[in-house]
Amino acid sequence: MSAGDEKDGSKGLPCPFEKLRPSQLVRDDTFFMSLAFNLAVDAWRIDEVPIGAVIVRAGEVIAAAHNEVERAKDPTAHAEMLAITQAARKVGDWRLNECELYVTKEPCPMCAGASIMSRLGRVVHGWGDPKMGCMGGAFALHELPGLNHRVTVVGGVLEGPCRDILRAYFELKRGNDNLGTA
């Protein structure tokens, strides 16, 4: 196995972004978003879209995931969906009222819906997505009238690094795709 190979045999992709090293002394939104960002770095390294998510309950991380769409060949294997599933198993209930989701990019329609349906208490995202974001970017799904659950949404936590890693990844991928086309 070469230095660029991962444990499962897939090729690694060098990531120019360093992992963050947040202080354990202040476990605030920035701390938990740093953990999600570190998962985004891990996603990049296995050539997945660099989005990471953690779910916190009573100040403790109970779930952590990054995108695995390509590896799993599953269009629903978004970081948020995987973390919500992990959290529900950990809690022993599908209702995650007392939990907070930290994710590096504003949730898409599927993930925003899952955040509402799982009754998350709060969603904190890094970079807002004006094209596909459904928690205030392109659309505010969580504000639809008639919903029986309201999730609180906070955006812009570590926005710069969360935006920059996604932009850099897609610039690299588009550059590589353009190299192979006539």
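Any idea which of Gly133, Gly137 is at pLDDT below 95 and part of a loop (DSSP other than H, G, I, E, B)?
Sole residue among the options that is at pLDDT below 95 and part of a loop (DSSP other than H, G, I, E, B): Gly137.
Pick from Glu143, Glu171, Glu159: which is acidic (Asp, Glu) and under 17 Å from Gly52 (Cα atoms)?
Glu159
Considering every residue within region 56-77, establish whether at least one is among the aliphatic types (A, V, I, L, M) and farther than 27 Å from Glu18 by Cα.
Checking region 56-77: at least one residue is among the aliphatic types (A, V, I, L, M) and farther than 27 Å from Glu18 by Cα.
Across region 44-73, what is the total count of residues that are under 26 Å from Glu171 (Cβ atoms) and either more than 13 Å from the chain's Cα centre (by Cα) or among the aromatic types (Phe, Trp, Tyr) (or both)?
8
Name the residue that is nearest to Leu158 (Cα to Cα), counting only residues in region 90-138 that are of a type in the set (Val, Ile, Thr) and either out of contact with any helix residue (DSSP H, G or I) (no Cβ under 9 Å at 6 or more places or on another chain) or free of Cβ contacts under 8 Å to residues at least 40 places away in the same chain (or both).
Here the residue is Val123.
Does Leu147 fit the bill of being open to solvent by less than 10 Å² (accessible area, probe 1.4 Å), assigned to a loop (DSSP other than H, G, I, E, B), over 20 Å from Asn67 (Cα atoms) and touching a helix residue (DSSP H, G or I) at 6+ places or on another chain (Cβ under 7 Å)? Let's see the steps before the verdict.
Values: open to solvent by less than 10 Å² (accessible area, probe 1.4 Å): no; assigned to a loop (DSSP other than H, G, I, E, B): yes; over 20 Å from Asn67 (Cα atoms): yes; touching a helix residue (DSSP H, G or I) at 6+ places or on another chain (Cβ under 7 Å): yes.
Answer is no for this residue.
Restricting the first residue to region 34-56 and requiring it to be free of Cβ contacts under 8 Å to residues at least 12 places away in the same chain, which pairs with a second residue that is open to solvent by less than 10 Å² (accessible area, probe 1.4 Å) meet a Cβ separation below 7 Å and a spacing of at least six or different chains?
Cβ pairs passing all conditions: none.
In region 1-120, which helices (runs of 4 or more DSSP H) lie fully inside it and hold 2 or more residues that are surrounded by 24 or more Cβ atoms within 10 Å (Cβ to Cβ)?
Ranges flagged: 29-45, 79-91, 109-117.
Determine whether region 74-89 contains at least one residue that is in contact with a helix residue (DSSP H, G or I) (Cβ under 7 Å, 6 or more places away or on another chain) and more than 29 Å from Lys173 (Cα to Cα).
no
State all residues of region 158-171 that are surrounded by fewer than 21 Cβ atoms within 10 Å (Cβ to Cβ) and either of a type in the set (A, V, I, L, M, F, W, C) or in a loop (DSSP other than H, G, I, E, B) (or both); if no residue qualifies, say none.
Leu166, Ala168, Phe170
The values are calculated or read from the model by the stated rules, or taken from the named source; none is laboratory data. From a predicted model like this one, the values you see are computed outputs, not experimental measurements. Neighbour counts are summed over all protein chains in view; Cβ atoms, including those assigned to glycine, are modelled from backbone coordinates with ideal geometry. To get the accessible areas, we keep the full protein, side chains included, count just its heavy atoms, and leave off ligands, DNA and RNA. Shrake-Rupley method; radii C 1.70, N 1.55, O 1.52, S 1.80 Å.
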